[in-house]
1. Test of understanding: among A105, A82, A111, which residue is open to solvent by less than 60 Å² (accessible area, probe 1.4 Å), within 27 Å of M250 (Cβ to Cβ) and small (G, A, S)?
2. Read through the list (1) part of a strand (DSSP E or B); (2) open to solvent by less than 50 Å² (accessible area, probe 1.4 Å); (3) under 19 Å from L166 (Cβ atoms), then give the number of the only condition that P21 fails.
3. List every residue pair whose Cβ atoms lie under 9 Å apart, where the two residues are 6 or more positions apart in sequence or sit on different chains, the first residue falls within region 102-114 and is more than 13 Å from G124 (Cα to Cα) and in contact (Cβ under 8 Å) with a residue 12 or more places away in the chain, and the second residue, located anywhere, is open to solvent by less than 20 Å² (accessible area, probe 1.4 Å) and among the charged types (D, E, K, R).
4. I need the full set of residues from region 271-286 which are open to solvent by 40 Å² or more (accessible area, probe 1.4 Å) and either part of a helix (DSSP H, G or I) or over 21 Å from W215 (Cα atoms) (or both), in order please.
5. Any residue in region 52-72 that is outside any loop (DSSP other than H, G, I, E, B), modelled with pLDDT of 95 or more and of a type in the set (S, T, Y)?
6. Determine whether V256 is open to solvent by less than 50 Å² (accessible area, probe 1.4 Å), of a type in the set (A, V, I, L, M, F, W, C) and at pLDDT 95 or above.
7. Among the residues of region 134-168, count how many are under 16 Å from I69 (Cβ atoms), open to solvent by 50 Å² or more (accessible area, probe 1.4 Å) and modelled with pLDDT of 95 or more.
8. Quick one: which of I145, I156, I160 is within 26 Å of A4 (Cβ to Cβ) and assigned to a helix (DSSP H, G or I)?
Amino acid sequence: MRRAIATVIFPGFQLLDVAGPTTAFEIAERFRPESYELMLMAPGGGEIESSSALKLTAGQLQGGPFDTIIVSGGDVIRSMPAFQEILAWLKRVTSRRTASVCSGAYILAEAGLLDGRRATTHWGNSEDFARRYPKTRLDAERIFIRDGDVWTSAGISAGIDLALALIEDDLGPEIARRTAQQLVVHQRRPGGQSQFSALTELGGRTGRFMDLIEWMRRNLAEPLTVERLADRAAMSPRNFARAFSAETGMTPAKVVERLRLETARRAVETSHSPLEHIAEATGFGDSGRMRRAFIRNFGQPPQALRRLAR
């Protein structure tokens, strides 16, 4: 049975949000013919301009039912009439599952489809999204999340990860693996499901904590408590914790853990150092604690990431 995959776009959509997943389904179809029927739809149909000014030709929103609806990300409010039409359509159409790529999660949330569910979106939208949709259990550190029959993914290229997961759910891991090989991407990215916020690379929105974060990166083996970091920033612990979280979108403890994970993962994948030594050098203390952090954040233990890298 062919599965009808309806991808929804709108004026200002992100081109790769559409092209990436569509290509993944198209390649999977080569390995398992008659698996998918791909449909591109938009309010009013016709030529729809993307955020890059390139246009795709879409059909009008149809009544379904569909196997899967995928809502693209992009400038979701460039056309409020289109936004409202998609919302109304989502509330009446039927499908086996619904998904979004990047900021497409805003549309699902506005339609009430994410109420009480875990979801993700692009890390750059996380603070705004969480404020607008408190009923959604946002986890902006994940590349994609499935909560029942609703799937959401992080920014842009993560739409390919989402599509591969949907393909595996439909056709099994072997077809998903062969599709990933054809796309020259990982079926599951090394490092698992975690987004690393670029804000920590810049020191926050304004770069205010750039020097401090670089100092943290050079001293990961040392105790990096809030009190010590606050003293380094010449602030009281309470004011520092508040300002740092507002600037980077993460607590100081979370950034310390992410820096440790980033450095440890690089060492695991590119060196032959014993895991115990890596754990000590990056501040985890012992390999057992580092292993638990890897599984919690990346979905795989250090040994598995090392094997994948090799």
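1. Matching residue, one of A105, A82, A111: A105.
2. Failed condition: (1).
3. Final answer for the pair search is G104/D17.
4. H272, S273, P274, E276, H277, E280, A281, D286
5. yes
6. No, not satisfied.
7. 1
8. Selected residue: I160, the only one of I145, I156, I160 that is within 26 Å of A4 (Cβ to Cβ) and assigned to a helix (DSSP H, G or I).
The values are calculated or read from the model by the stated rules, or taken from the named source; none is laboratory data. If you're wondering where the values come from, they're calculated on a predicted model, not measured in any experiment. FYI the Cβ positions are ideal-geometry reconstructions off the backbone, even for glycines, and counts take in every protein chain you see. In case anyone asks, the SASA skips ligands and DNA or RNA and just uses the protein heavy atoms, side chains included. Shrake-Rupley method; radii C 1.70, N 1.55, O 1.52, S 1.80 Å.
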